[in-house]
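Scroll down for the structure; my scribbles are underneath it.
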Amino acid sequence: MSDKAVFVTQPYLPQLEEFIPYLQDIWDSKILTNGGPMHRQLEQALADYLGVEHVALFNNGTIALLTALQALRITGEVITTPYSFVATAHSLLWNGINPVFVDIDPDTLNLDPAKIEAAITPNTTAIMPVHCYGNPCDVEAIQRIADNYNLRVIYDAAHAFAVEDKGGSILRHGDLSVLSFHATKVFNTFEGGAIICPDAKTKQRIDRLKNFGFVDEVTVVAPGINGKMSEVNAAFGLLQLQHIDKAIARRREIDHHYRDQLNCVKGIQTINGTGQSKANYSYFPILVETDYPLTRNGLYQRLKDNNIFARRYFYPLISEFPMYRGMASAACENLPTASMISEKVICLPIHPALEQDDLEKIVQIIKTS
Ligand code: T4K
């Protein structure tokens, strides 16, 4: 059994030699950014792989979220989940929009559609749900509410690369979906992200917004930002795409091993999928219940003492951070399920390079604590 550090995730990296020809092409062309050939190829390759119409690449998921909100001219209040990475709500605040936190469903850990309507006010313009851990939201219920109240829906799909439901890509739902290709994600371009757009016109607006608002050399139509993905990142994405099925297959094995081994451990609850026909196994969250011999933090520390660096995603809740906690919707009483889950959760290591003996070691620690 190795004593090396084991992290919650590690990026999938193909052999370095495989990347050299891509770099050579970039060196030859001297096109380093601004929508070059690698960028164009990756947008098309991702659209094909994911089964979606239009992909607009970004330099990271957070700028993509900011731009998605700008693209749809969202203002006022947006309903969102407190159980996510801070970037979800930060993207609203950066746009001068007030996040309104709504509690999550205890089974899916996603925004609870039954609680959304009560949070709608005349200022509400949109809903920003998160497919947390790659588990799909109740997209139909959310769309029904959006249609009834004339709201836009922007999915933070940072965790949901390649996830599908019965009808195809989960990313086709809502008005826009936003992906992250950060180093810690299932599919990574070191840093990166994308907006999945339903039509060419929306993609054109988004492409302009991510390039300062330029239409041509002398025309600027919007106060855009620099959200462009560089050619090196795009090239890495093209290479990564060749390995992605293998990487997801290894994640699947790890997920199944954890489930087999941990389902019978008293006080440990695993989270089931939420109706996806294709999962990406991006995270492996467990809930540490009161009948487990250790507290959640006790188990987290026990793993750490053994060089296993699991993470408490998502603790604290976004609504507990100082810039949010004064908001009425951030009150703990408004978010009982999210508060409870964030006190119980640990995400165990899951990534393609996780070795079998490290996996066994993690399982043994949990079983014997
Ligand atoms: N929306 C949601 C729902 C998100 O989860 C995220 C990002 C976003 C939006 C924003 O997308 P981006 O703008 O990031 O594209 C990490 C990631 O930085 C963040 O991208 C991710 N969510 C979040 C859930 O996790 P940290 O602070 O936990 O990362 P860090 O640096 O502690 O990394 C975790 C572990 O991964 C490390 O212990 C070791 C390993 N690691 C990490 C990096 C960066 C590596 O092995 N290599 C690496 O290069 O936030």
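Read the figures in this text as sums done on the coordinates, not as results from a lab. Nothing here was measured: the structure is a model prediction, and the numbers come from that model. Using ideal geometry, Cβ is built from the backbone for each residue, glycine included, and neighbour counts are taken over all protein chains shown.
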Dipole of the chain, positive end: most advanced residue of Leu13, Asn334, Ile268 [Cβ charges, Cα centre]: Asn334
State, as an integer percentage, the relative contact order of the chain based on alpha-carbon contacts under 8 Å between residues 6 or more apart. 24 percent
Cα-based Rg then Dmax for the chain, in Å, read 20.7, 67
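Where the only charges are on Cβ atoms (+1 Lys, Arg; -1 Asp, Glu), what is the dipole of the range 260-369 about its Cα centre, to the nearest 20 debye? Could you put the intermediate results ahead of the total?
On the way: 11 positive and 11 negative charges, 31 e Å.
My answer is approximately 160 debye.
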Counting sequence-distant residues (5 or more places) and residues on other chains, those with an amide H built under 5 Å from that of His54 are Cys197
How high is the relative contact order of the range 165-299, given as a whole-number percent (alpha carbon pairs under 8 Å, six or more residues apart)? 18 percent
Enumerate the whole-percent occupancy of each 5 Å bin, from 0 to the last occupied one, for all C-alpha pair distances of the range 245-368. 2, 10, 19, 21, 18, 14, 9, 5, 2, 0
Along the principal axes of its C-alpha atoms, what lengths does the range 77-228 span, in descending order and rounded to whole Å? 50, 37, 29
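Only counting other Cβ atoms within 10 Å, I'd like Arg259, Arg302 sorted with the fewest neighbours first.
Ascending number of Cβ neighbours within 10 Å: Arg259, Arg302.
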Specify the inter-centroid distance of the range 338-369 and the range 200-241, based on alpha-carbon positions, in whole Å. 39 Å
Mind ranking 7-14, 271-278 by how tightly packed they are, going by the mean number of other C-beta atoms within 10 angstrom, highest first? 7-14, 271-278
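Counting only C-alpha contacts under 8 Å and six or more residues apart, can you give the relative contact order of the range 245-368 as a whole percent?
Values: 137 pairs, mean separation 41.3, N = 124.
Averaging sequence separation for qualifying contacts and normalising by length gives 33 percent for the range 245-368.
About the Cα centre, and with charges only on the beta carbon of Lys, Arg (+1) and Asp, Glu (-1), how big is the dipole of the chain? Nearest 20 debye, please. If you can, show how the numbers build up before the last one.
Working: 32 positive and 41 negative charges, 73 e Å.
Using only the charged Cβ atoms, the result is roughly 360 debye.
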Could you check which residue among Thr202, Thr219, Thr80 shows the biggest mean-square fluctuation in a GNM of the chain with a 10 Å Cα cutoff? Thr219
Which is farthest toward the positive dipole end of the chain among Ala141, Phe85, Val232, measuring Cα position about the Cα centre, with Cβ charges +1 (Lys, Arg) and -1 (Asp, Glu)? Phe85
Counted charge near Tyr292, where neighbours are those whose Cβ lies closer than 12 Å (Asp, Glu -1; Lys, Arg +1): +3
Compute the normalised compactness of the range 1-41: alpha-carbon radius of gyration over 2.2 N^0.38 Å, N being the residue count. 1.80
When we measure straight from the Cα of Lys367, which lysines land under 22 angstrom away, once same-chain ones fewer than 8 places off are left out? Lys4, Lys266, Lys304, Lys344
Phi-derived 3J(HN,Hα) across the range 110-118 with the Karplus relation (6.51, -1.76, 1.60, θ = phi - 60°), rounded Hz, x for Gly and Pro, is 9, 2, 8, x, 5, 9, 6, 4, 5
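List the trypsin sites (Lys or Arg not before Pro) in the range 2-108 that DSSP assigns to loop (not H, G, I, E or B) and whose Cβ has at most 12 other Cβ atoms within 10 Å. Which are they? Kindly include the intermediate steps, with their values, before the conclusion.
Values: sites: Lys4, Lys30, Arg40, Arg73; in loops: Lys4, Lys30, Arg73.
When the trypsin sites (Lys or Arg not before Pro) of the range 2-108 are filtered for loop state and at most 12 Cβ neighbours within 10 Å, Lys4, Lys30, Arg73 remain.
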